[in-house]
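Okay, structure first, notes after.
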Amino acid sequence: LSLANNFLNGKLSEDAGFLIRLEELDLDGNQLTALPESCENWSNLRVFSAGCNMIEELPPGAAHWTKLEMFNIRQNGFKALPALISKWTLMKRLCVGTNKLAVIPDEIASMEGLVELDVRKNELTEVPVSLGACKMLEHLNLGDNKITSIPEELITEFGCLRELYLYRNKLENLPADVGTLTKIEKLSLSKNNLKSLPEEMGELQNLTELYVNGNAKFNALPNSMGKLKLLRELALKACPKLKSLPKSVEECEALKFVDLRTGGKKDVCKMPQEMSDILTANKCR
């Protein structure tokens, strides 16, 4: 059932509870402030989407959504996720970006089959170790929060991760165990407080895109960069402290795009002519 982009406002009618066979419900783009208590009758619900509304909490009846596989409440007013999410053990996609969440609750550990977690643009300051129970994660977006560090013991649990977004946080370093993310393809670290990256970055054999834009203190790439044979895009825009690239970058055979712009005439990262010629020969711009 799709009721998206209508003029629904206030609390959704209790009569919606009569839809006892409901499997998919799309309420995106309305002005809803609350769900009905009768939502406990939606026990067959697999997909629930209510993005771009004004909902601040879930009614207790949502604990009965035990078949739920996709849950989207992007751009609402949630300050917390309730403990009842521990009942959603079949969850695969959890999209709760652009809210006011201060923590990721430990109950998320019950979602062992979770493939995608989007908590971008909230008020998180840390990532719980309990998230490590979600070993099937492939897409993790933690961007635009206030996270200062990533627990080392957590990184090693993400063996299936393909995309990791950590942009717009307050990270000062990455743990060396980042090298265990051997399946990762996209890594975004833009606009943090990073000064360098660990040598273990060279173990990311499947990495195709690396974004480090806007790290004002960033001054060095690891010498292991040459091991990244599939790297196609290297974005280092607005990193004024970065003066040069390691010679090993010449060995990145798939590299097609390098962005070293600083936005000013000073503090420009210089690329040796030999390196420039090699990359140009590989059709890198």
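Would you kindly calculate the mean projected area, averaged across all directions, of the convex hull enclosing the Cα atoms of the chain, in square nanometres?
Its average projected convex-hull area is 15.3 nm².
How long is the gain from Met136 to Lys237 if the chain were fully straight, where each residue apart is worth 0.36 nm and the alpha carbon distance is subtracted?
Extending this stretch completely gives an extra 33.1 nm.
With an 8 Å Cα cut-off and a minimum separation of 6 or more residues, compute the relative contact order for the chain in percent.
8
Please compute the contact order of region 129-237 in relative form: average sequence separation of alpha-carbon pairs under 8 Å and at least six residues apart, divided by the residue count, as a percent.
Reported relative contact order: 21 percent.
So, counting K/R as plus one and D/E as minus one, what does the shell of residues with Cβ under 12 Å around Thr89 add up to?
0
What FRET efficiency comes out for the pair Glu251/Thr182, r = Cβ-Cβ distance, R0 = 25 Å, nearest 0.05?
0.85
Number of Lys pairs in region 139-232 with C-alpha atoms less than 18 angstrom apart, excluding same-chain neighbours closer than eight positions?
So the count works out to 13.
Report, to the nearest whole %, how much of the accessible area of region 1-134 belongs to carbon and sulfur atoms, 1.4 Å probe, protein only.
Reported share for carbon and sulfur atoms: 51 percent.
Going through the cross-link list Lys11/Lys135; Lys100/Lys243; Lys100/Lys135, which pairs have a Cα-Cα distance over 28 Å in this structure?
Beyond 28 Å: Lys11/Lys135; Lys100/Lys243.
Report, in deg cm²/dmol and to the nearest 500, the calculated mean residue ellipticity at 222 nm for the chain, where each DSSP H run with n ≥ 4 adds -39500 (n - 2.57) and the sum is divided by the residue count.
-1000 deg cm²/dmol
Using a 10 angstrom cutoff on alpha carbons, build the Gaussian network for the chain and name the most mobile of Ile108, Ile20, Ile147.
Result: Ile20 has the largest fluctuation of those listed.
Accessible area per residue, 1.4 Å probe, Å², for region 104-179: what's the number?
41
Return the long-range amide H neighbours of Tyr167 (sequence gap of 5 or more, or a different chain), with a cut-off of under 5 Å between placed amide H atoms.
Residues meeting the amide H criterion: Gly143, Asp144, Ser190.
The values are calculated or read from the model by the stated rules, or taken from the named source; none is laboratory data. The shown structure was predicted, so the numbers you read here are calculated from the model rather than taken from an experiment. Virtual Cβ from ideal backbone geometry, glycine too; neighbours counted across all protein chains shown. Just so you know, the surface numbers come from the protein's heavy atoms only, side chains and all, with ligands and any DNA or RNA stripped out. Shrake-Rupley method; radii C 1.70, N 1.55, O 1.52, S 1.80 Å.
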